[in-house]
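The values are calculated or read from the model by the stated rules, or taken from the named source; none is laboratory data. Everything numeric here is computed off the predicted structure, so don't read it as measured data. Using ideal geometry, Cβ is built from the backbone for each residue, glycine included, and neighbour counts are taken over all protein chains shown.
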Amino acid sequence: MGKVFVRLNPEKLTEQISKIEKLAANCDASAKRIQTESVNQGDVYPSASHFKSDIQGSINNVNMDASDIRTIMNRIIEINQNGLGTKNPGGTITFHIPESVNQQGVRAFDDWTQGVADAQKLIKYSEGDPAPSEAELREFYARMQQNQDNPNYASAFIDPETGQIGPSRLLDIPTDLQGMFSASWDKGKQRSTTLSVDVGTPIVGILAHILSAASTTWSNEVGTNYANELVNQAQDGNHPQRPFVLNGMLQTSRTVDIDGDGGKEEVGLDYNDAMVTTLARRLEDFKAGKESWGHSLNPFDGGLGDTFAREQYGENLLAGVVHAMTGNVGTAQEWLVPRNKSGKGEVTDVSQDQSKTIDSRIRNLIAKGVLGQGQWTTDWARLGDEIDQRLNFGDTGNQAEDRYRQSVTAATTASIMNGLGDGENPPTMSDEARLMVSRVFARHPESVVASTEEGNPLNPMYTSADGPDGSNPRFSPRFTDRALSNLLGQVSINETARTHFGSKMAEYYQKRINEGVKNYKETGDVAELQTAVDEQSRTNGFVTGAVARQASIQAKNGDKGGQVANDAASAAVGMIPIPIVNSASSFAITELKPFVTDHQGGAAKDAQNALSASGSYTTMQVTASLLNSGLYSSEDLKASWNKADNNPAIGALLNSDGSLKRGGITREAVDEAITASEGDKDQGGHNEPASLPDEVDIPTGLEALSAKLHNERDAAHKNEPELSFHKTVKDSHKNGFNAAKPEGDAAPSNEWSTEGDNNDKKYEKDG
């Protein structure tokens, strides 16, 4: 960025403009004469007959250029009369313009001069010279908004070298204007005394857009310097409103598809990376300066112009920074975790020990604000989702860079989630935040599963390797018992969030069981399959414990606004979809759907009912997954049918030869079961489940089949494992429940272990 010196003599330029206009007029007259003579000669030469029309476009262009130059000259004269540049004794006007504007031509210069004129007008309004009416300000604001995102227009306001408004005035203008409509002005004349006249908030947003647009043209050095000067001015104790105005500017939003999902999100404005990073680092531990000339630092002393910013934007001076970071995700990552470099300047992976330091730092940052349904919590959830989604994946072509990105993303994602769920009780989040948290968890099912074991691992980031020699490391986040319990309780409240999470987890469970079955058939070792069933059951139990704890705490606090949908049992089973079982030889998954979740125990409100309902659904889910895996042969299923002693529930699923009835547990059968379960509504408006016909009682059949499912061991296979997992499901489910919901609804642990080796070997195949 630089500046260009401009010298303008209006008198001489007017002479040159006149010459250009005269040239165009002479060309027009000559063209007309040529055309007339061509007609007189009978249009002997066709080219001559069309000369006038052919040249008219060029003549018009010359006239337009002359008009543009005259307009710009007049604009320069106008803004010079209001203070731009210097007018020398000979009549020459001198001033500087940004080099970027000069390089873009006339249109960019016109935008810049309009910005200069508006900036000068804004300054005069803020000084009360003249004091504007509310209508005048509203009209002026509307004109500014039309250009606020134009970098050339914006540079006229706040370019560090050529702009009309410096950092201190930038932070003062909103309160200066607001003060005119809330306190005495102009020698005691009372202009307004009502708080309903809000002229400060709109200009904060406009100036934020202008700052954003201008900063995108700056070098990192300029951005850093400007940010430092902004904070320096905000520390002036004689202007206690400045930090809050800056906070408000950074809280300003733009609407954009930031995550590439096709929808529009409200995120922070796009700023120069170095500027917003410097602001973040300086505002982390911001301390206002002491006043020196008697101005009270009490926000309730003095005029309303001095207090509106604090009241409007809050006292958490990091709120604006965090919101701004949602629109600058790469910058957010760099702020939260400064780049790792070796002594040789090479980027290096984040270590497990370093991940604990990162976790502590981010938890402390999140603790600076109040977690709840407000923007602070939603912004942090968005940061976690954006960082996890956008920075973790992709191939840069540089192995060291890719490894670093994966490691730092895993550590950052874990830390943000752990910070959001760090409180004694679950925070009450917005639905937007719940959905973003569910997306993070759904992206890392292996991390969720590993984190459901009672007690926390050594570190919030785990490293595994695909290669036998430790090569090709992979990094995954880990969540504390407390954070996972608190946040899953929140996810359960929103139907979209819990369905998304539940379906992704079910897909992961099926994958793990399929891997275990494959290994068993190849090696005869059932350990991997046993582990997969244990993980699935424990995780479902943990989810249920989280939901039950959420509901219990809400009930104790009398919180009706964030009530778990339907009841704890329904919310829990809504996160445990049951796979549809196909009769094809592969038993492939054809669909995943939460199974009759709206009709699970309409009166079930307590944890025990949730545990019972979830246990049943987990049994159904595991059974369906095992059927889908191809673990059991038709002979095994036939034996299970025989052992059922004509149980009609199992008979609803299996024929006597071990084949699945009705072509399997099909979509049609499920829909029929759901329809049959709805029954008629009683006068109280509650659904009373009807008795399910035996031939479509799929849930009951799956649960009953679980207790009978095992391989038929004949004499030749008597040493093979029995492949019965019914007890594992029940026990592991209960263990997971207790990990998420300790006795008395105490908060689960949020401290990292100090013992062990962070052994997660059983999850190395994840991903």
(request) Could you check, for region 128-149, whether at least one of its residues is aromatic (F, W, Y) and either under 30 Å from the mean Cα position of the chain (by Cα) or at pLDDT 95 or above (or both)? (result) yes
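Does region 725-732 contain at least one residue that is modelled with pLDDT of 75 or more, in a loop (DSSP other than H, G, I, E, B), within 26 Å of E507 (Cβ to Cβ) and out of contact with any strand residue (DSSP E or B) (no Cβ under 6 Å at 6 or more places or on another chain)? Show your work before the answer.
Step one: list which residues in region 725-732 are modelled with pLDDT of 75 or more, which gives 725-732.
Filter once more, keeping what is in a loop (DSSP other than H, G, I, E, B): 725.
Those left that are additionally within 26 Å of E507 (Cβ to Cβ): 725.
From the residues that got through so far, the ones that are out of contact with any strand residue (DSSP E or B) (no Cβ under 6 Å at 6 or more places or on another chain) too are 725.
Within region 725-732, one or more residues are modelled with pLDDT of 75 or more, in a loop (DSSP other than H, G, I, E, B), within 26 Å of E507 (Cβ to Cβ) and out of contact with any strand residue (DSSP E or B) (no Cβ under 6 Å at 6 or more places or on another chain).
Taking the options L383, L420, L391, L435, name whichever one is aliphatic (A, V, I, L, M) and either at positive phi or modelled with pLDDT under 90 (or both).
Details: L383 fails: either at positive phi or modelled with pLDDT under 90 (or both); L420 fails: either at positive phi or modelled with pLDDT under 90 (or both); L435 fails: either at positive phi or modelled with pLDDT under 90 (or both).
Result: L391 is the single residue among L383, L420, L391, L435 that is aliphatic (A, V, I, L, M) and either at positive phi or modelled with pLDDT under 90 (or both).
Kindly indicate whether any position in region 375-384 is in a helix (DSSP H, G or I), outside the structural domain of S430 (by TED's automatic domain parsing), in contact (Cβ under 8 Å) with a residue 24 or more places away in the chain and touching a His at 6+ places or on another chain (Cβ under 6 Å).
Of all residues in region 375-384, those in a helix (DSSP H, G or I) come to 375-384.
In the following step, the residues that additionally are outside the structural domain of S430 (by TED's automatic domain parsing) were identified as 375-384.
Now narrow it down to the ones that are in contact (Cβ under 8 Å) with a residue 24 or more places away in the chain: 375-384.
Narrowing further to those that are touching a His at 6+ places or on another chain (Cβ under 6 Å): 379.
Checked region 375-384: at least one residue is in a helix (DSSP H, G or I), outside the structural domain of S430 (by TED's automatic domain parsing), in contact (Cβ under 8 Å) with a residue 24 or more places away in the chain and touching a His at 6+ places or on another chain (Cβ under 6 Å).
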(message) Quick check on my filter: what residues within region 133-175 are farther than 25 Å from Q104 by Cβ and among the hydroxyl-bearing types (S, T, Y)?
(response) S133, Y141, S168, T175
(request) State the number of residues belonging to region 102-160 that are basic (K, R) and touching a strand residue (DSSP E or B) at 6+ places or on another chain (Cβ under 8 Å). (result) 0
(request) Tell me the helices (runs of 4 or more DSSP H) entirely within region 397-455 that contain at least 2 residues that are more than 18 Å from E751 (Cα to Cα), in the same structural domain as G541 (by TED's automatic domain parsing) and in contact with a His (Cβ under 7 Å, 6 or more places away or on another chain). (result) 431-443
(message) Among the residues that make up region 562-569, is at least one of them at pLDDT below 65, crowded, with 21+ Cβ neighbours inside 10 Å, within 35 Å of the chain's Cα centre (by Cα) and assigned by TED's automatic domain parsing to the domain that holds P742?
(response) yes
(message) Condition (residue is crowded, with 18+ Cβ neighbours inside 10 Å, under 20 Å from R169 (Cα atoms) and at pLDDT 95 or above) applied to region 253-270: is it met by at least one residue?
(response) no
